[in-house]
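Take a look at the structure set out below.
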Protein chains: 4
Amino acid sequence: MPGSTFGKLFQLHTFGESHGSAIGGIIDGCPAGLEIDFEFIQHELNRRKTNQGLWSSPRVEPDEVKFLSGIFENKTLGTPIAFIVENKNQRSEDYEHLKYVFRPSHADYTYYAKYGIRDYRGGGRSSARETIARVVGGAIAKLLLKTLDIQILAFVSKIKHIHIPYVLDKISSDAIEQNPFRCPSDEKNDEIRYLVEQAKNDGDTIGGIITCVIRNVPAGWGEPVFDKLNALLAHAMMSINAVKGFEIGDGFAISEKFGSEVNDEMFLENNQVKFKSNHSGGIQGGISNGNDIIFNVAFKPIASIKKEQSTVNLESENIKIKIEGRHDVMVLPRAVPIVESMTALVLADVYLMSKINRL
Amino acid sequence: MPGSTFGKLFQLHTFGESHGSAIGGIIDGCPAGLEIDFEFIQHELNRRKTNQGLWSSPRVEPDEVKFLSGIFENKTLGTPIAFIVENKNQRSEDYEHLKYVFRPSHADYTYYAKYGIRDYRGGGRSSARETIARVVGGAIAKLLLKTLDIQILAFVSKIKHIHIPYVLDKISSDAIEQNPFRCPSDEKNDEIRYLVEQAKNDGDTIGGIITCVIRNVPAGWGEPVFDKLNALLAHAMMSINAVKGFEIGDGFAISEKFGSEVNDEMFLENNQVKFKSNHSGGIQGGISNGNDIIFNVAFKPIASIKKEQSTVNLESENIKIKIEGRHDVMVLPRAVPIVESMTALVLADVYLMSKINRL
Amino acid sequence: MPGSTFGKLFQLHTFGESHGSAIGGIIDGCPAGLEIDFEFIQHELNRRKTNQGLWSSPRVEPDEVKFLSGIFENKTLGTPIAFIVENKNQRSEDYEHLKYVFRPSHADYTYYAKYGIRDYRGGGRSSARETIARVVGGAIAKLLLKTLDIQILAFVSKIKHIHIPYVLDKISSDAIEQNPFRCPSDEKNDEIRYLVEQAKNDGDTIGGIITCVIRNVPAGWGEPVFDKLNALLAHAMMSINAVKGFEIGDGFAISEKFGSEVNDEMFLENNQVKFKSNHSGGIQGGISNGNDIIFNVAFKPIASIKKEQSTVNLESENIKIKIEGRHDVMVLPRAVPIVESMTALVLADVYLMSKINRL
Amino acid sequence: MPGSTFGKLFQLHTFGESHGSAIGGIIDGCPAGLEIDFEFIQHELNRRKTNQGLWSSPRVEPDEVKFLSGIFENKTLGTPIAFIVENKNQRSEDYEHLKYVFRPSHADYTYYAKYGIRDYRGGGRSSARETIARVVGGAIAKLLLKTLDIQILAFVSKIKHIHIPYVLDKISSDAIEQNPFRCPSDEKNDEIRYLVEQAKNDGDTIGGIITCVIRNVPAGWGEPVFDKLNALLAHAMMSINAVKGFEIGDGFAISEKFGSEVNDEMFLENNQVKFKSNHSGGIQGGISNGNDIIFNVAFKPIASIKKEQSTVNLESENIKIKIEGRHDVMVLPRAVPIVESMTALVLADVYLMSKINRL
């Protein structure tokens, strides 16, 4: 009921403040008998770490996941799977000067307005460190989906105004992981590098777009009418820090077309239903149609900039602020595994639901 | 758990197929003692009717709502509020020829893939008639929000490629309702009329964008981390038939900016926290900041076109199809009250939650 | 979230006040493709009607169920199944004199304390007419369970102090239905008849115990740790009006024994796990063990008595009251189908859950 | 959705197997600003420890609770409160010989039937160690309820056949805690001691009854119709290991009375509604009436006995078993804080709900 639970059947409950003792969660509802690949999970977690390159904070966060329950002899028991990642190398003193300050476009003010109390150290619960729990939960969901051969691939398709070209069918996990910005191709690397350095020098930040494609989802997943698969994906994506937009298939662009231009006509091939196009992005009426599912997620620039800004403080004073400290220039490459994780959580949930939809 | 329930505290459960005996629902969790304005509710329902003009189907659907419980002497009892709208003037025979056909970009195929059975008459549960229940539920939510002086205004801001100009602070309910397309201004009426007629003559359809602004939401509504207010709104909007995109505040455009361009700086005015800008769209960290909440919703063109399309049928044959019958050219003006209703349902829910967030 | 929903996967949402226009509900989550036997459902409903004999009110309530959605050509669609039973022959004027009175041991005072408003006519939402929706929902659940050969048999095992003797394995639906009090045997009929007449003449009421046995539930149903099958059954039974106690297997009596007397030892028979005894009542660790599930439910006497009682009214006065009108002497025989229905709802829910517990 | 979550608004999610690395949980929904008394919480936990006397296992379990999130400067933040209790002194090798054995009246067989896999060490998830998380969650709920002056007192009222006499209004926490068996009076101590020693010498176990009284709950808590306060309490109690029965107020005994004997008549005293009796146990129509809430919970004897029993093993053989190891003779005194904790969790939940029931 409160907002730290995601999913209905495959559920993730999370907890943790940025500078508390740990971030973690409980996965409840994972079927019994699933083999757990601990290396894979830690690898997923490493993908969201800081200190991955030019664009990221030099802050080193070890972020090792430790499982506390629900797994026995490397297999899930069907019982809740709890895990924690200890917060280390958190310098609370870095935030002492922010104790009474509301940083612009951060959640400082809104948390205070809501709760009348806040953990000011590093954003507390509103910190992006919270996404650690999403990545661990998502990694378990991915292991479940792998048994069905489902593949989830997210990548950075636009950095600020720079579009990164790609051919959807040729995108591979390897190409993305080898690119320094988790882009699907290297063509724009120099342009991006120049942009990032410029922002870094200016104490500024940049946003962009992550695209996600899901392969091999069978037709028939998703629940009418409020829990359409696209609605669940939108919910999942918009719950990620800094996300401001979501679109599926042709998305906003489709609204500029005639129906005759964007309907996905069907035909039979080897007695299988196929589609001549995929403007819908793999979902119709909220239910998967067997096509690739494709969507875009828009991220705003990180709010922590070193430039001077106006704001207010707890003593009701107008003040000026510059946000120093070790911050990323952009969140995009680190957000790729987060987008994938939230996608995996949605799919694991609707997969379980699909098992009880008919006699 | 299954997908016909929306909300957690202020809940709407809906039911109904297009050609069944009725569409309806239950609102559970509405506080006791709320005065019910039946005329207002019916008026809201009338706003989503067919036969409203050039762009809409000439089909006449009386759609009168009847309440069955939860209201006594014009006040809510705190118990479930059930309502039904009978399906009249539904010509099931119109759909007899579609019995074995999967219409392109409709939910025919996906429902069948999911359930192994479907009510082929008028789309069954996937029909937009389902939104009747959303509008009734939303109207009750609006009555609750009115006691807090909260105003929800949706309008058509783009029709296909035609942007409708507006000044956000000057938008009024009257102007929208008087415009034949529920646009915020009349400037583009001729252009729109020409476009609609053209599409109608071609047997084609068009999409567009609806914008929604919410005034007077206090700071502090919305739940971290998964149930961010923007995530709930995205879920709500993406659950509406034909919606393919959602963005809040500057949305996709914000991803092209530097952080220094789009942070919302704060200042004090009469000891009240104010913002110099509203790029965030009134929500930070998933919690309302007291600013107007603004978002856009992208609708695809209606899938029912009269032009010939390729598709398949239940007998596993490749066939051609033209969708005849009384269909709208665009859904936008009728979708305005639906967008508002889903918004009201989200807000009623987070409002109740906000009452228990602190001691 | 609010309290008019039962179940998680196989859900029943109910609505309706005693003297409103209808009682009804929505069943959501019933798998697609289930054949609906409408006569069976109406027959179940008839079993809970008034005017069934000596012990019951002569009030005639037609109580015909009408389905509004979710069923097509006699099969479930997988979409919500809505139904209503119109309230007819409700004499609201019978209750006019109770408008300002809180009847002792009724919910009049507590509803008013909770909501600050109440529908005083016939108890409003707290009336036993609410159980109509449970019986319809339970009847659909029974149809689902019949496909698995599961049989639910409830019967009146004690009326006030009179124990009705029975041999569990020999109990049949026919014997119960033919007995005028829904007892499993006729041995005590005369004694019961005398007791009922005595109470009736005195304007008094009586309570008793209903026992329920469930046959053919496979081992493995129920969820650790909070949703143990016995906990869900207890929740279900204690939610029925007038129920004051629940016990499973040997229940309260087991607490007087040594462990060595009441452990259920196991052995193999034709390679099947069997139990030498069934003190546990078919559930261990909250999960079914394959044995018959057996439990008892204690009902208090009906609160509406014709004898003079002290009470208070809305004007804060001490007053005397005699409750006239057409009331049952005991609720037990009519409660039998209600106990069965709530049992069926629990089982349908854990059955669906059992389908996703393992890979 | 899966069964390791309790509550809707004040939620407890738990995890942990008996011999895994930790038992723990997350409390989500606790209002912000609640002062946390860590000593009180640890003290509650100590009350459920082993090695408390004659009747309990000499096993020493340190069971220290460590909080990981949700609390800042001794106050709740409104965010999830995570906690763990490490499993120490667990001798897994003690259970090696039970690896392939299903202990009678334990959950070994049913877990295996459900999941197809089980953690055989000490019962895994079905172990009573799981209740550690309930006690910590309950302690936080108690702190919340203390701000409303609500008092929850459970005590052992019957051990096997021995009734412990008490006067309800005179029962105090001190008297209970000082009694070696958590009984409300010392009158039967010798008799109990003799019984326990006898059972211990025989390698046998005993059950009994715990009674719980709740003082100062205002009228108006609890949700019609399925979530009646008594139904939630029954669910909570029946979810505790070894519980086989629940009754509220006069419970099973009330079913033997005439209505005129057990209705709770009302009168006004200083303009307050009072009751002449409390046969209902403080709840009418599922909603608290302001009276003390009283209920009984029946516990079966512990299933682990040292006497020889018949059972089966994973190799499908009939075998004999004696359960050695360090087990309690009875669970009752340790279960007292568990009963109180589950009660507190229920009340915290309905308290929050009561804040949103009316305008």
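General remarks:
- Loop-located GluC sites (Glu not before Pro) in the range D:267-328 (DSSP state other than H, G, I, E, B) with a sparse environment of at most 10 neighbouring Cβ atoms within 10 Å: D:315.
- 3J(HN,Hα) along the range C:156-166: 7, 9, 7, 10, 6, 8, 8, 6, 9, x, 7 Hz, from the Karplus curve 6.51 cos²θ - 1.76 cosθ + 1.60 with θ = phi - 60°, whole Hz, x for Gly and Pro.
- The residues of the protein assembly as shown expose on average 31 square angstrom of accessible surface per residue, using a 1.4 Å probe on protein heavy atoms.
- Across D:234, D:175, D:154, mean-square fluctuation computed from a Gaussian network of chain D (C-alpha pairs under 10 Å connected) peaks at D:175.
- Placing pseudo-labels 7 Å out from each Cα toward the beta carbon at residue D:66 and residue B:54 gives an inter-label distance of 7.1 nm.
- Mean shadow area of the protein assembly as shown, taken as a quarter of the surface of its Cα convex hull (nm²): 49.7 nm²
- Chain-alone versus full-assembly comparison, the range B:56-79, residues with accessible loss of at least 40 Å² (1.4 Å probe): B:68, B:72, B:77, B:79
- Calculated FRET efficiency for the pair residue C:74/residue C:197, C-beta based, R₀ 51 Å, to 0.05: 0.70
- Separation of the residue D:269 and residue A:163 label points, Cα + 7 Å toward Cβ, nm: 8.0 nm
- Note on the range A:14-67: Kirkwood radius taken over Cα pairs, Stokes-Einstein applied at 20 °C and 1.002 mPa s, translational D equal to 160 µm² s⁻¹.
- Closest approach to the axis carrying A onto D, counted by Cβ on chain A and given in whole Å with its residue, is A:13, 2.
- Protein accessible area in the range D:1-59, 1.4 Å probe - carbon and sulfur %: 49 percent
- For chain D, complete DSSP H runs whose alpha carbons reach 15 Å or more along their own long axis and whose mean Kyte-Doolittle score is -0.5 or higher are D:131-146, D:332-354.
- Each listed q (0.07, 0.09, 0.10, 0.12 Å⁻¹) maps to a log10 I(q)/I(0) for the range D:5-354 from the Debye sum over equal C-alpha point scatterers, namely -0.31, -0.52, -0.64, -0.92.
- Within 10 Å of each Cβ in A:116-125, the average number of Cβ atoms from other chains: 5
- Ordered from longest to shortest, the equivalent ellipsoid semi-axes for the range C:14-111 are 32, 17, 11 Å, each the square root of 5 times a Cα gyration tensor eigenvalue.
- Distance histogram for the range B:290-351 (every C-alpha pair counted, 5 angstrom bins, percent rounded to whole numbers): 4, 12, 15, 16, 12, 11, 10, 9, 7, 4, 1, 0
- Teacher prompt: residue A:116 distances to equivalent labels in other copies, 7 Å Cα→Cβ, nm: 2.0, 5.2, 5.5
- Remark: the Cα gyration tensor places the range A:153-233 in the oblate category, a/c being 1.5 or greater and a/b not exceeding b/c.
- Per-residue mean of C-beta atoms belonging to partner chains within 10 Å, peptide A:349-355: 3
- Inter-copy spacing of residue D:319 label points, which lie 7 Å from Cα along Cα→Cβ, given in nm from shortest upward: 6.3, 6.9, 7.1
- Between the range C:202-256 and the range C:144-174, the alpha-carbon center distance in angstrom: 13 Å
- Across the range A:167-297 the C-alpha pair distances fall into 5 Å bins from zero in the proportions 2, 9, 15, 17, 19, 15, 10, 7, 4, 2, 1, 0 percent.
- Using a 7 Å Cα-to-Cβ projection, residue A:197 label spacings across copies, nm, ascending: 5.9, 8.8, 10.6
- Heavy atoms of residue B:294 accessible to a 1.4 Å probe, total area in Å² rounded to 10: 30 Å²
- Measuring only protein heavy atoms, the 1.4 Å probe finds residue A:108 accessible over about 10 Å².
- Euclidean distance between Cα centres, the range C:284-359 to the range C:66-110, Å: 16 Å
The values are calculated or read from the model by the stated rules, or taken from the named source; none is laboratory data. Quick caveat: nothing in here was measured; it's all calculated off a predicted structure. We place every Cβ from the backbone using ideal geometry, glycine too, and count neighbours over all the protein chains shown. The protein model used for the area step is the full one, side chains on, heavy atoms only, and it has no ligands, DNA or RNA in it. Shrake-Rupley method; radii C 1.70, N 1.55, O 1.52, S 1.80 Å.
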